[in-house]
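Peer 1: Before we start, here is the structure in question, set down as structure tokens.
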Amino acid sequence: MSNIYFDNRIVMTLDAGGTNFVFNAIQGGKTLIDPIKKPANGDNLELCLQTMLNGFEEVKDKLNGEPVAISFAFPGPADYPNGIIGDLGNLPAFRGGVALGPMLGSHFNVPVFIQNDGDLYAYGEALGGILPEINEELEKQGSAKRYKNVIGLTLGTGFGAGLVHNNVLIGGDNSIAAEVWNIGNTISPGQNAEEGVSTRAIVNAYNSATGNTETLMPKDIFDIALANKPGNKEAALKAFHTFGTHLGDAVANLINLFDGIVVIGGGLTGASQLYMPAVLEVLKGNFADGQARLVQKIYCLDNEQEKDAFCKLDSHKIKVPFTEKMVDYSPEQKIAVATSKLDASEAIALGAYAYALSQL
């Protein structure tokens, strides 16, 4: 995979949400135009498809060169290799299956690549976000260690994820690998992980503790927790702590399975100061029998001291038996978790760009 920041090919992109479609184009890892936003019209198939055609036409008209592909994200499972979007809850018009990729490919005469938004988020972080940042810092420190695995998580209305190994996106046989929202929930058995890691989880926890019947958003509860708005501060803090405990449980399971750098993005990351301590309590904690939750030692890169310790060169020389040779040995197995420095939509766009280039 070539460096996306030194590639002159142009790819048209789309961030396809249930409410809005945001169109753009990327060259060399950088957006070329101001985003073009249009209503998704997800309940009217003909209008939705025409909106998509019009959006990409507007992007193309603003470009100084010819695009080599269209690449974008959709929320939820679909037949991504064949470009067919199926039963999505937030885009009901697509139920029954719509050959969206072939339609766009026929109209614009370029290859079309569609992927899950969580997958492309992780891919963007692996190619242009957390992974190159960590490896560059390790190189500066003189360390030979390089990380190749990324677990990308998105927090918002839902709980999404993607997995990347050595610059390759892991999609699974049915294009639904890393459906983290539906993994088991050991904190609240009987529910999937998303019921504890979503915007509604925070609101429900606060309402349950206080008996509140007003319509509140997570931002309201965040402001209550910081005493910037009237309300039950203790209940607000506990709602975010509970959210963090559920998130930590899911992250621990993913780390134990995949052994990769964890990067967290999405709309709720602005409140990371309220939930990240609970995440780390789980990751640095033990099971009831005393067994550590993780095999690796976890570091939080949001904390400068922990970041320095994570990147610190800590290997030493050991002798190769029956020879005079010496080799480097690092006894500690390190892994890291971090809040993304990229906006989620920015990382998704980067991922869409990188994915298209990797497939061409």
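Peer 1: Measure off 7 Å from each Cα along the Cα-to-Cβ vector at T186 and I170, then give the distance between these two points in nanometres to one decimal.
Peer 2: Going by the 7 Å Cα→Cβ label model, 1.9 nm.
Peer 1: Still on this structure: By count of other Cβ within 10 Å, fewest leading, how are S71, S315, S208 ordered?
Peer 2: S208, S315, S71
Peer 1: Okay, moving on. For an R0 of 30 angstrom, estimate the FRET efficiency from the Cβ-Cβ distance between R95 and E234 and round to the nearest 0.05.
Peer 2: About 0.10, to the nearest 0.05.
Peer 1: Okay, moving on. If you rank V180, V110 by fewest surrounding Cβ atoms within 10 Å, what's the result?
Peer 2: V110, V180
Peer 1: Continuing with the same structure: Using a 10 Å cut-off around each Cβ, can you sort H316, H107, H246 from fewest to most neighbouring Cβ atoms?
Peer 2: Going from least to most buried by this count: H316, H107, H246.
Peer 1: Of K37/K60; K37/K62; K145/K312; K140/K317, which sit over 18 Å apart, Cα to Cα?
Peer 2: The pairs that break the limit, which is 18 Å between Cα atoms, are K140/K317.
Peer 1: Let me ask another. Could you tell me which residue out of V262, L155, L301 lies farthest along the dipole of the range 130-341 toward its positive end? Charges go on the beta carbon: Lys and Arg +1, Asp and Glu -1, centred on the Cα centre.
Peer 2: So the residue furthest toward the plus end is L301.
Peer 1: According to the Cα gyration tensor, what semi-axes, each the square root of 5 times an eigenvalue, does the equivalent ellipsoid of the range 270-360 have, listed from largest to smallest in whole Å?
Peer 2: 32, 25, 13
Peer 1: If r is the Cβ-Cβ distance from K312 to T19 and R0 is 35 Å, what FRET efficiency results, to the nearest 0.05?
Peer 2: Calculated value: 0.20.
Peer 1: Report Rg (one decimal) and Dmax (nearest whole number) for the range 4-115, counting Cα atoms only, units Å.
Peer 2: So, for the range 4-115, Rg and Dmax equal 13.4, 40 Å respectively.
Peer 1: Another question, then. With +1 on the Cβ of every Lys and Arg and -1 on the Cβ of every Asp and Glu, and nothing else charged, how large is the dipole of the chain about its Cα centre, in debye rounded to the nearest 20?
Peer 2: Result for the chain is approximately 600 debye, rounded to the nearest 20.
Peer 1: How large are Rg and Dmax for the range 111-164 when calculated on the C-alpha trace, in angstrom?
Peer 2: Spelled out, the Cα radius of gyration and Dmax of the range 111-164 are 13.5, 42 Å.
Peer 1: Now a separate question. How high is the relative contact order of the range 34-114? Use alpha-carbon pairs under 8 Å, at least six apart in sequence, and give a whole percent.
Peer 2: 29 percent
Peer 1: A further question follows. Give, in nm to one decimal, the length gained when the segment between N253 and A288 is fully stretched (0.36 nm per residue of separation minus the Cα-Cα distance).
Peer 2: Between N253 and A288, full extension yields an extra 11.0 nm.
Peer 1: Please list the equivalent ellipsoid semi-axes of the chain, computed as the square roots of five times the alpha-carbon gyration tensor eigenvalues, in descending order and whole angstrom.
Peer 2: Semi-axis lengths for the chain are 35, 30, 18 Å.
Peer 1: If you don't mind, there's one more thing I want to ask. Spin-label point model (7 Å from Cα, Cβ direction): what's the Q296 to D343 distance in nm?
Peer 2: 3.0 nm
Peer 1: Given a cut-off of under 8 Å on Cα pairs at least six residues apart, what relative contact order in percent is computed for the range 130-341?
Peer 2: Normalised by residue count, the contact order of the range 130-341 is 20 percent.
FYI, it's all coordinate maths here, none of it is from the lab. Fair warning: this is a prediction, and the values are worked out from it, not measured in the lab. No Cβ is skipped: glycine too gets one built from the backbone with ideal geometry, and neighbour counts run over all protein chains shown.
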